[in-house]
Amino acid sequence: MSEALPIIETVRQYLTEHLCHGDRSQLPADDASLISSRLMDSIITLKLVSYLEDTFGIAFEAHEVTQENLDSINKIAVFVHRKQST
Amino acid sequence: MNLGQYVQQQLHLHYGHAAITRDDVDTTYEELFQQIDLYREGLRALLPNGGSALLITGKSENTIALMIALLCENITFVPCDPEWPSTRIAQINEVVQPSLVITDQKENSHPTETTSETHTIGAHYARQTGDNTVFADVAWILFTSGSTGKPKGVPITHKNASTFIKYCIQTFQDQLPIRVLSIAGFHFDLSVFDIYFTLLAGGDLFLLNKESEKNIRLIGEFLHKKEITHIYATPTFYVALREHGKLNVHRPIALRYILTAGETYSANRVFEFHQLLPHARIFNLYGPTETNVCTAQEIIPDRTPVFKNTFPIGSPVADFELHITEFGELLVNGSGVFRGYISNDELPDSFQTINGKLFYQTGDLVTRHDDHLYFIGRKDRMIKRRGYRIEPAEIEQALLLHPNISRSAVITIDKNESAVQIISFVVANEPLTEDDLRVHLLQHIPHYFLPDRYLQVDNFPVTGTGKTDYVSLQQLL
């Protein structure tokens, strides 16, 4: 995946592939809940975290792998951006 | 022997030590004893002659004290996950007709029809239902997925439970300090080891909060920081721990007993895991909820035999006897075996008499290879995913409760070594999104039953007798 893509599009593409079996029409809205809606279980969440770490060169602290930081595409993008700028 | 009274009596042996730790706060053995007494007093006031209770509570030291008090007062309890949909709790309530409903929330958000006033007992709230069903000698009832589409209850007697706990003490207690991390919910039989083994062995039981429970990376760190020595979880948990627990950073060197059960564990996954923790002993425990653990196998890389990438289910523990039918079904007799389901449905007889002894028909198919038994599959449609027993019929029934769905079918695919996948098919009179279906299902079934994929079709293939043709559905994928 190209580094040049905006963070949010990278997240959308990853979730389309890993959560929606490649079907973009099933992708939840950017502000829709991913974890509390049970769309993303704890294992998918951790795979996403590993992917974000590798793709964006950031590191999540164990206590940062939370619903608060990861519950929607928007929240994920904001959190990655924050990690990149610290 | 009453398990609760025995456990309470033994607590004084460990006074001065921490019994349960949650959020860095210890409950000592003395404090636990006093809490149990307090709960017993409250329960006696409500039910002086025993009875039964639905327990809709989270995991805490208070819930453990309450459970032991319920055992002491001969009140059979039914541990329910507070996250279960209220319709499921209502179904269970209807089957059990308990004397009490106990929650940790003051408001009763579950439709369990209690009109009586709320009594405060310790940190919990109890309401009397007007019923008073007594299940003699039954310690607790665990509800499991039913092939009729409704959950069915497995009553575990004090003797059933004590058989398993005694085996655990004999096998997993040593002279070193014991610090157990509780992973399973209290409605899941793995938690019996966590609670009763730990307290009888004088160990410290660690409970995680809701958020940490789902965060494998945090658990990896926790194992190291808290010097956890024993852990009992499903293979799915260990696979995730190896992949996401950062065990190479947080080396949990105190961990010396790793127990697993609930689903088959592919041999090479175990070897990969063992390489990270070469000093730990790994035990594969086998047994349906109906029998408790009935066989065990220690897994020693390079020594334990492997057949088709699985380990043997092991040798019988305690007084269990095994029998294999000519069709390869495993039958089990022993002190741990339950005595029949609690259900409002007509269930097929699940026992068979051999030489005057009653054997439970597990439905598990096994094969003997070089004198070892290996699990090879199920006689029926039941599946195990992430350690949870799931009857596809329950998902099919729940789908049919949707007003626009006219037919439903659920099939499973077993993709190489990853978890079993559940695929649902529906025929509906309007297009339904995955989101629609998921939201609908969560009102009726636990989230761990949710299909991995949802497919909508115009028509179902049918067999010559007009039944859903599952084989043809399989080919639509």
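Brief remarks on what is shown
- Residue ranges of helices (runs of 4 or more DSSP H) in chain A with at least 1 members more than 13 Å from every other protein chain (Cβ to nearest Cβ), surrounded by 14 or more Cβ atoms within 10 Å (Cβ to Cβ) and without any contact (Cβ under 8 Å) to a residue 60 or more places away in the chain: A:7-19, A:42-56, A:73-84
- Checked against (1) within 22 Å of B:Ile183 (Cα to Cα); (2) touching a residue at least 40 places away in the same chain (Cβ under 8 Å), B:Phe273 passes all but a single condition, namely (2).
- Checked against (1) in a loop (DSSP other than H, G, I, E, B); (2) surrounded by 16 or more Cβ atoms within 10 Å (Cβ to Cβ), B:Glu346 passes all but a single condition, namely (2).
- Filtered by the rule that a residue be in a loop (DSSP other than H, G, I, E, B) and either of a type in the set (Asp, Glu) or surrounded by 23 or more Cβ atoms within 10 Å (Cβ to Cβ) (or both), the range B:60-76 gives a lone residue, B:Glu73.
- Just one of (1) touching a helix residue (DSSP H, G or I) at 6+ places or on another chain (Cβ under 8 Å); (2) within 21 Å of B:Ile195 (Cα to Cα); (3) among the hydrophobic types (A, V, I, L, M, F, W, C) fails for B:Val101. It is (2).
- Applying the criterion of at least 3 residues that are under 21 Å from B:Thr57 (Cβ atoms) to the strands (runs of 3 or more DSSP E) found wholly in the range B:161-251 leaves B:204-207.
- Total residues in the range B:165-216, condition of a type in the set (Phe, Trp, Tyr) and out of contact with any helix residue (DSSP H, G or I) (no Cβ under 9 Å at 6 or more places or on another chain): 2
- Applying the set (1) crowded, with 21+ Cβ neighbours inside 10 Å; (2) modelled with pLDDT of 95 or more to B:Arg44 leaves exactly one unmet item: (1).
- Scanning the range B:7-28 for residues that are without any contact (Cβ under 8 Å) to a residue 60 or more places away in the chain and within 28 Å of the chain's Cα centre (by Cα) gives B:Gln9, B:Asp24, B:Val25, B:Thr27, B:Thr28.
- Condition met for B:Gly262 (surrounded by fewer than 21 Cβ atoms within 10 Å (Cβ to Cβ) and small (Gly, Ala, Ser)): no
- Qualifying positions in the range B:211-261 - within 23 Å of B:His447 (Cα to Cα) and more than 14 Å from chain A (Cβ to nearest Cβ): B:Tyr232, B:Thr260, B:Ala261
- Condition met for B:Leu285 (more than 14 Å from chain A (Cβ to nearest Cβ), within 27 Å of B:Thr63 (Cα to Cα) and modelled with pLDDT of 95 or more): yes
- You will find that of B:Glu396, B:Glu430, the residue that is exposed (fewer than 15 other Cβ atoms within 10 Å of the Cβ), of a type in the set (Asp, Glu) and more than 13 Å from every other protein chain (Cβ to nearest Cβ) is B:Glu430 and no other.
- Matching entry among B:Ile183, B:Ile121 (being within 14 Å of chain A (Cβ to nearest Cβ) and closer than 30 Å to B:Leu13 by Cα): B:Ile183
- In the set (1) in contact with an Asp or Glu (Cβ under 9 Å, 6 or more places away or on another chain); (2) buried (at least 22 other Cβ atoms within 10 Å of the Cβ), the condition left unmet by B:Phe311 is number (1).
The values are calculated or read from the model by the stated rules, or taken from the named source; none is laboratory data. From a predicted model like this one, the values you see are computed outputs, not experimental measurements. Using ideal geometry, Cβ is built from the backbone for each residue, glycine included, and neighbour counts are taken over all protein chains shown.
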